[in-house]
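Trainee: Handing you this structure, nothing more for now.
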Amino acid sequence: MTTNIESRPPFPPFTPETAAQKVRMAEDAWNSRDPQRVALAYTPDSEWRNRAEFPKGRESIVEFLTRKWARELDYRLIKELWACADHRIAVRFAYEWRDDSGHWFRSYGNENWEFDGNGLMRRRFASINDLPITEAERKFHWPPGRRPDDHPGLSELGL
């Protein structure tokens, strides 16, 4: 009998280097805007707090992300490591998006992540604020998908 144990390296305990790798992997997945792909980074019973919503489990995460990206068009995200210790990572992020009326926003936030021993996120707590911006104020200009390696990060952009 074989057991299929899911895993997602790098594994805790995290160093600043492995935590930064984990953060970039999460950014890349979220920029894919593929709810199924993103949900695989979380434990099957993962618990979230995202604004005023509390998804629990992968199915709820997929439903949440499907609604999110139907509403937040032209989504571009940058995440940056803030701190790490043992099996936890703190992240700050910003993303730009527009609504279906063409109004642009930059959403700023912080996330606290907790991982299991297999490198899957079991808890995610996000606090997010939205700032209306003009199209001319946008700073995230790359084609849909992964942020290019040479595109500035949050600190370089002064965000």
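Read-outs throughout are calculated quantities, based only on the coordinates presented, and are distinct from any laboratory measurement. Fair warning: this is a prediction, and the values are worked out from it, not measured in the lab. Using ideal geometry, Cβ is built from the backbone for each residue, glycine included, and neighbour counts are taken over all protein chains shown.
Trainee: In debye, nearest 20, what is the charge dipole magnitude of region 16-143 about its Cα centre with +1 on Lys and Arg Cβ and -1 on Asp and Glu Cβ, if you could check?
Mentor: 80
Trainee: Amide H neighbours of TYR42 under 5 Å, counting only residues 5+ apart in sequence or on other chains, H built in-plane at 1.01 Å?
Mentor: Amide H neighbours of TYR42: MET121.
Trainee: So, one more: By how many degrees, between 0 and 90 and to the nearest 10, does the Cα long axis of helix 16-32 differ from the longest principal axis of the chain?
Mentor: Taking Cα atoms only, the helix is inclined about 60 degrees.
Trainee: Two-decimal Rg/Rh of the chain from alpha-carbon positions, Kirkwood Rh?
Mentor: Over the Cα atoms of the chain, Rg/Rh equals 0.97.
Trainee: Between the helical axis of 58-71 and the dominant principal axis of the chain, each derived from Cα atoms, what acute angle in degrees is found, rounded to the nearest 10?
Mentor: Around 10 degrees separate the two axes.
Trainee: Could you name the aspartates and glutamates whose alpha carbon sits less than 14 Å from that of LYS22, not counting residues in the same chain fewer than 8 places away?
Mentor: Straight-line reach from LYS22, under 14 Å: GLU80, ASP86, GLU111, GLU114, ASP116.
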